[in-house]
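The values are calculated or read from the model by the stated rules, or taken from the named source; none is laboratory data. It should be emphasised that the depicted structure is a prediction, and the values quoted were computed from it without experimental measurement. Ideal geometry is used to build each Cβ from the backbone, glycine not excepted, and the neighbour counts take in all protein chains shown. Just so you know, the surface numbers come from the protein's heavy atoms only, side chains and all, with ligands and any DNA or RNA stripped out. Shrake-Rupley method; radii C 1.70, N 1.55, O 1.52, S 1.80 Å.
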Amino acid sequence: MASGSQTLKYVAYISSPDMEVLNDATFGVGADPADMWAYLDDATARLRARHPSYSFTPRLVRYDQVTTELPRP
């Protein structure tokens, strides 16, 4: 049985304490993880400066596609 996976995209987002997404961006498969985290750090710092009493959670998510060949029963 053959199988494989492929990265489709990365999504960076920042959520508020009530889990509302305040800022998000989609990056292609060739994006550098350091650049994506730099984007998140910068955006989080701007949000904290505007809303010092809130806590924000930056996240970076990779979306993959998994393919699996199924054998005949």
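Odds and ends about this structure:
- Area of D32 that stays accessible when all protein chains are in place (1.4 Å probe, Å², to 10): 70
- Ellipticity estimate at 222 nm from DSSP helix runs (n ≥ 4, -39,500 (n - 2.57)) divided over the chain, nearest 500: -8500 deg cm²/dmol
- Label separation (R50 vs T7): 2.9 nm, computed from points 7 Å beyond Cα along the C-beta direction.
- Between T57 and R72, the contour length at 0.36 nm per residue exceeds the alpha carbon distance by 0.8 nm.
- The angle between the Cα long axis of helix 33-50 and the main principal axis of the chain comes to about 30°, on a 0 to 90 degree scale.
- Note on surface exposure: R62, R72, R48 rank R72, R62, R48 by accessible area, highest first, 1.4 Å probe.
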